[in-house]
1. Residue by residue through A:214-222, how many Cβ atoms from other chains fall within 10 Å of the Cβ on average?
2. Pull out the extension gain between residue B:9 and residue B:158, defined as 0.36 nm times the separation in residues minus the alpha carbon to alpha carbon distance; nm, one decimal.
3. Which angle between 0 and 90 degrees, to the nearest 10, do you get for helix A:96-108 versus the longest principal axis of chain A when only C-alpha atoms count?
4. If you count, for every residue in A:8-18, the Cβ atoms of partner chains within 10 Å of its Cβ, what is the mean?
5. Quote the relative contact order of chain B in percent (integer), defining contacts as alpha-carbon pairs under 8 Å separated by 6+ residues.
6. Counting only other chains, what is the mean number of Cβ atoms within 10 angstrom of the Cβ of each residue in peptide B:15-21?
7. In terms of the Cα gyration tensor, with a ≥ b ≥ c the square roots of its eigenvalues, is the protein assembly as shown rounded because a/c is under 1.5, prolate because a/b exceeds b/c, or oblate?
8. Name the residue, out of A:60, A:203, A:235, whose mean-square fluctuation peaks in a Gaussian network model built on chain A with Cα pairs under 10 Å.
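Bear in mind these aren't lab numbers, they're just calculated from the coordinates by the rules spelled out. What you see is a predicted model; the values in this text were computed from it and never measured. Cβ: placed from backbone, ideal geometry, glycine included. Neighbour counts: every protein chain shown.
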């Protein structure tokens, strides 16, 4: 007799598999046409023209560059800052539970509200940020209006929301580490920085890689704070590929081209992910050897 | 000396985390004049006028209702389906389980843009853009893989002997699922449900594309305060507080599980 438990998951897995295959085929098919909601009923097969167009679209190439810049900067800063903070709080002290609770606040906050909050704080005339700068004698900065600064203002909001996430995950892995190797090294006369560099960090490597992976995936797809704080402006200076795809579809109604962007973004993300994934899961083996 | 540095660093950290939140909530309780005073007013007489304005705004109330309906229905479906699938997978051997789990998680790598445009396109042709069910369906579709992988971790904690003993007694699979797994893993199931609600409530992109006038959720509705005439910060901060407050409460309820769940939600493979 066949095991009845397979009926619990097979249909759903099959359903998801079928939907993904159909969706993928459908998307590829759509990208090979020139479907635009502005010209209903006039679509025709155009082969790989959309992909060629993307290759020579300066706006898309710049957007891709910004996506890479934002993703790398956000991931590197959040992971290093998060690691530093988690090492700071990795000790027993009164109110540790409360600190943990407070660190959770940005994580569960609605991203749209986070965007609004930072837009409010960074308001050029009434914002808190410029007021604080003025108290130490620095001139007002047009945080979201200056094309050279806007992307970094968005980065700041992202760092505020997601560094605590890195901290909480890293804290959990720090606590699960056995303390013996560290203590043994201390008994042998190792300095604190040596313990940290040669014992704690290598043990954390895998966990940090996973956190970095998570943050990178989310940063590529970042949309909410961009939409709320700058909507890609000023002068397209904060337009990432994801945002450009959205604008192509829902401002220009260029469905096929937008899907081409989404397709390329997905492929690039997967390739990058695969590289990082191999890096993350081969590293421990080398470390152990 | 080291202790003092530690406490100072901790205080700076907490200040950085909490200040933006405090400032939004404080502004929502200020009068128009206090809110825009420069230098900022630290001590002020709180007023509820912004909240009164927001709560008298029919569109906002409607959006609140939509958010509740959509996030609860979608999460209920996700957890219901997720629990069945997770039960089935936990009973399989290690290789089958890993393989299926990997496939399920891999579904979530793609940026939402790639499946939302075809969905939008189809929904537009079927005139479903102003329909609650299309939004609920898409959210359930997005959250089911997450619910499955989180529920597997809770179901794995249930001792195998419990299942085997019930089987010896001749119980059917569905009975074991209902009578043993659901009650024993109840805490985990509730936590999964809460996390699904949290994700759905906070989600913006899908809602922006797929909701119409009657189905708008809170994150979409709140952007209507960003008008061309400028931003009405008073009512906006009040609305923002009302949107995030329930999630802060829910987040605290499932504190330990949020990070575990979120890392699962994102790792995707």
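1. The per-residue average across the peptide is 3.
2. Additional length available on full extension: 49.5 nm.
3. The two axes meet at around 10 degrees.
4. If you average over the peptide's residues, the count of other-chain Cβ atoms is 6.
5. RCO, chain B: 32 percent.
6. 6
7. rounded
8. Among A:60, A:203, A:235, the largest GNM mean-square fluctuation belongs to A:235.
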